[in-house]
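Q: Before we start, here is the structure in question, set down as structure tokens.
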Amino acid sequence: MLLTVNHVYANGRHPGAKEVFAGPLDLYHVSVFSVVLEPVLHINIYVDQLENREPVYDAIIDISMSTDEGDVITVRATAYPEPNSRLPEQLPYYIVNFPLKDVGEYEGKTLFHMNMDSQLGKTGLQLPIDIKKPEGVIGMEMIGFAVIFLGGSVWLLFTRIKRSRKIIKEVMYEI
């Protein structure tokens, strides 16, 4: 069974998820998706057996990267849903929330290393992940709406003030 995923839906909807890798890897078929959710890089990994496309339930997956200072940061993936709470129809996948101090310093292609071990054997993969700051909630549409709303409010306020002054003048002349 081939999984085609446009968005990641782990712990809520994450639009903008990008497919980093999908294909055979030794005895596995692996699909990797990523999305930046400041201050983490959220990575989802789907692992099947290459020969029969049955899910791999016992994988131990580590994602690591080297910093500019030469340190290596490694994060172990968590199986989701947890094996004891998984429904029969739920496909297992693995989650990594990779800490990012400042997304700006990682922008552009960054090379991550994935090491995986299960009963089928050990394997590894280099993942070039393009890290970009997520687009803010306030887009051009929101700014345009705010300008129109504020402009209309100011116009309405001045119109009311002008009308009330005119009414006051008419009342004063009648007296």
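Every read-out reported here was derived from the displayed coordinates using simple, explicitly stated rules and does not represent laboratory data. These figures come from a predicted structure and were not determined experimentally. Neighbour counts are summed over all protein chains in view; Cβ atoms, including those assigned to glycine, are modelled from backbone coordinates with ideal geometry.
Q: Residue 26 to residue 38: extension gain in nm, 0.36 nm per residue of separation minus the Cα-Cα distance? Don't skip to the end; give the middle numbers.
A: Numbers: separation 12, 0.36 × 12 = 4.32 nm, distance 3.29 nm.
So the chain would gain 1.0 nm between residue 26 and residue 38.
Q: Sort 119-126, 18-25 for me by packing, meaning the mean count of neighbouring Cβ atoms within 10 Å per residue, highest on top. Don't skip to the end; give the middle numbers.
A: Numbers: 119-126: 12.9, 18-25: 14.8.
The packing order, highest mean first, is 18-25, 119-126.
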